[in-house]
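Okay, structure first, notes after.
Bear in mind these aren't lab numbers, they're just calculated from the coordinates by the rules spelled out. Only a predicted model underlies this, so the values are computations on that prediction, with no experimental measurement involved. Note that each Cβ is placed from the backbone with ideal geometry, even for glycine, and that neighbours are counted across all protein chains shown.
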């Protein structure tokens, strides 16, 4: 049985990657058979810290409609069906905007002339590698591409087998985050005790509840701000597993691409507490 | 011939032109021969996550416009307008729709030609 722990946050820059990379390395050292998944495919930066040796790269595609030459009658059935405005009626034919397509395939089905066919469109790359005994996999969305969710789904489908998966989620609460958190065994919300942190934490908790996930929290930069985040988590019955104080040294090590785990007793303490939580949830 | 002008707000010919096409708040449809406003309406594509350009292009075409005057056109808007057979002219902001119409008549607006 695989146990998947997801690190997410509403607000960006709260410390998801700091904790996810450190937790993955810690678990790999102590329990073995661990996979790190970077699902923050719009800016995947976990590999900057884990520095895996890349053993495989795979291009990921989504199906989009293409018009066969001279078959379309311009009836507009496909345009009426498309919920994303990816098809435009012209005088005697339609025009397809593949960037706007969400790959439902409906247009191909409703076309009475059989004028549309699905063709693959590349949206990003899956990377896989090893960092010591830690198996690492990351999605990297192509520049300018807007659809992160299909790439994240593929990342999860193709996740190398491991007893524990540590997933680094994108920030926010959009489709890409939902795709990354689906099926998680434990959701760790990384937050900070500021009004902005609290505002986005509420959204994340709502999303976690909607997905029916068990949740725990880590408060980063815990000696700044106020107590509103703690009070909120208490009211929601979400346990604060660890708090990491604001330390310039942690930021300096992180900025240099170092692992917080090996350089900061505060990060190590938080990771040990998180590892305990992962044990209990598994 | 009817031309669609992108407008920043209400006011027909007196409205300021908006330099964006797909995300312009309103469209003003003008009969360029008579100089009369035949229609003006909000642009629902303003709220679109993606693809405001093609949606706006379809909308102005439905209203009978044969060309569009705006500040700039994104790549998808351009493709859609070309496909629909609508001409594209670049306006100079700040200016009202009326002033821009006068410039158009004088041949003072740059026409965007499809690449050959």
Open item on the list: For the stretch A:43-81 and the stretch B:72-110, what is the centre-to-centre distance using only Cα atoms, to the nearest Å?
Closed with: 33
- [ ] Name the residue, out of A:163, A:121, A:56, whose mean-square fluctuation peaks in a Gaussian network model built on chain A with Cα pairs under 10 Å.
- [x] A:56
- [ ] Write down, largest first, the equivalent ellipsoid semi-axes of the stretch A:18-148 in whole Å, where each equals the square root of 5 times an eigenvalue of the alpha-carbon gyration tensor.
- [x] 43, 12, 11
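Given N residues in chain B, what is Rg(Cα) / (2.2 N^0.38 Å)?
My calculation over the Cα atoms of chain B gives 0.93.
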TODO: Could you work out the per residue convex hull volume over the alpha carbons of the stretch A:174-279, in cubic angstrom?
DONE: 114
Task: Residue exposure sequence - B:69, A:96 - by fewest surrounding Cβ within 10 Å - done: A:96, B:69
- [ ] Rounded to the nearest 10 degrees, what's the angle between the helix A:16-30 long axis and the longest principal axis of chain A, both from Cα atoms, 0 to 90?
- [x] 70
- [ ] Please work out the Kirkwood hydrodynamic radius for chain A, using every pair of different C-alpha atoms, and report it in angstroms with one decimal place.
- [x] 20.3
TODO: At 7 Å along the Cα-to-beta-carbon direction for both residue A:262 and residue A:158, put a label point, then send me their distance in nm to one decimal.
DONE: 2.9
Open item on the list: Strictly greater than 15 Å: what percent of every Cα pair in the stretch A:69-114 meets that?
Closed with: 35
Task: Mean ellipticity per residue at 222 nm, deg cm²/dmol - from DSSP H runs of n ≥ 4 across the protein assembly as shown, formula -39500 (n - 2.57) - done: -9500 deg cm²/dmol
Task: Per-residue average of Cβ from other chains inside 10 Å of A:88-97 - done: 5
Open item on the list: Under 10 Å, Cα contacts only: if you run a Gaussian network model on chain A, which one of A:201, A:259, A:224 comes out with the highest mean-square fluctuation?
Closed with: A:224
TODO: Just grab the label-to-label distance for residue A:84 and residue B:113, each label 7 Å out from Cα along the Cβ direction, in nm (one decimal).
DONE: 3.6
TODO: Provide, as a two-decimal number, the C-alpha radius of gyration of the stretch B:37-91 over 2.2 N^0.38 Å, N being how many residues it has.
DONE: 1.05
Task: FRET efficiency for residue A:255 and residue A:69, using Cβ-Cβ distance with R0 set to 56 Å, rounded to 0.05 - done: 0.55
- [ ] Can you figure out the FRET efficiency of residue B:72 with residue B:103, using R₀ = 22 Å and their beta-carbon distance, to the nearest 0.05?
- [x] 0.85
